[in-house]
Amino acid sequence: MAPMVAEPSPVLPGALDATTWVVIPLYNEQSVIGAVVTELRQHFEHIVCVDDGSTDGSAETAEAAGARVLRHPHNLGQGAALQTGIAYARSQPTAEFLVTFDADGQHRVVDALAMLHQARDENLGVVFGSRFLDDRTKPGVLKKIVLKTAVAVTNLTTGLTLTDAHNGLRVLRRDAAEAVNLKQDRMAHATEIVVQLGRSGLPWREHPVEVLYTDYSKAKGQSLLNSINILVDLIIN
């Protein structure tokens, strides 16, 4: 039986949300993580960065911007960092919702806020961000083909019907977060989390979001080659 979930507390305009914990896997993002955390801190009281063995001062920059930083002594992979952050956030007695958010500046805080509002308003366990529900995101033709292929494979594997299978922006209610126990350390965790959330039986929706493809984010993991690596990782796992 799923654990009981307290009625979410409304967030007043201009007030910091103290019942939502934002989880950010972090690896060598010193030049952007300060700005990412600073913007999130305008809306959320609790930002948790999991530094996955960074060598560039990312952890110190995130801390200086107001994040709580957990550290892996060695680079274990994004899946491992996400699991550490989720496990930590759901252990907090005040946590009603978790938001997973990327460190490289490609996600928009306004989208996270809208997804959180939808989760509360519709009593949803999970809200998945999707870059393919509108035409704001411009991934390029080849990258879009690869991502759409990953969607088809993920949907076949999980039994869910998503339009975007590898978007790191998600909102999880506390009971949904309790269903997550990631074992895949590399990018296959993006499918693994969908499988586990689908098996929870909790109500879910997708929400249109814009992914910002900058020169920096492409260089840090949003390139076409990385998308192909995600697809290969997905198939072999």
Exercise. Identify, by number, the condition in (1) at pLDDT below 95; (2) over 16 Å from the mean Cα position of the chain (by Cα) that Gly79 doesn't meet.
Key: (2)
Quiz item: Leu156 fails exactly one of the following numbered conditions: (1) at pLDDT 85 or above; (2) surrounded by fewer than 17 Cβ atoms within 10 Å (Cβ to Cβ). What is the number of that condition?
Solution: (1)
Exercise. Determine if region 135-143 includes at least one residue that is small (Gly, Ala, Ser) and at pLDDT 65 or above.
Key: no
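Go through Val232, Val146 for me and flag whichever is at pLDDT below 85, of a type in the set (Val, Ile, Thr) and surrounded by fewer than 19 Cβ atoms within 10 Å (Cβ to Cβ). Lay out the reasoning, then the answer.
On the way: Val146 fails: surrounded by fewer than 19 Cβ atoms within 10 Å (Cβ to Cβ).
Among Val232, Val146, only Val232 is at pLDDT below 85, of a type in the set (Val, Ile, Thr) and surrounded by fewer than 19 Cβ atoms within 10 Å (Cβ to Cβ).
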Practice problem: Look through Ala95, Ala103 and report the one residue that is touching a helix residue (DSSP H, G or I) at 6+ places or on another chain (Cβ under 7 Å), part of a loop (DSSP other than H, G, I, E, B) and crowded, with 23+ Cβ neighbours inside 10 Å. | Solution: Ala103
Exercise. Working carefully through the options Asn167, Asn181, find the one that is assigned to a loop (DSSP other than H, G, I, E, B) and at pLDDT 95 or above.
Key: Asn181
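Quick grid of which residues meet (1) modelled with pLDDT under 85; (2) in a loop (DSSP other than H, G, I, E, B); (3) not hydroxyl-bearing (Ser, Thr, Tyr):
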site: Ala177; (1), (2), (3): no, no, yes
site: Arg186; (1), (2), (3): yes, yes, yes
site: Ala190; (1), (2), (3): yes, no, yes
site: Gln196; (1), (2), (3): no, no, yes
site: Val211; (1), (2), (3): no, yes, yes
site: Lys218; (1), (2), (3): yes, no, yes
site: Ser227; (1), (2), (3): yes, no, no
Quiz item: Does any residue in region 190-202 that is within 13 Å of Gln83 (Cα to Cα) come within less than 8 Å, Cβ to Cβ, of a residue that is part of a loop (DSSP other than H, G, I, E, B) and of a type in the set (Ser, Thr, Tyr) six or more places away or on a different chain, and which pairs are these?
Solution: none
Quiz item: Is there a residue in region 114-128 that is within 15 Å of the chain's Cα centre (by Cα), surrounded by fewer than 21 Cβ atoms within 10 Å (Cβ to Cβ) and not in a loop (DSSP other than H, G, I, E, B)?
Solution: yes
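The values are calculated or read from the model by the stated rules, or taken from the named source; none is laboratory data. This one's a predicted model, so the numbers in the text were calculated from it and none came from an experiment. Here the Cβ is made from the backbone with ideal geometry for all residues, glycine too, and neighbour counts use every protein chain on show.
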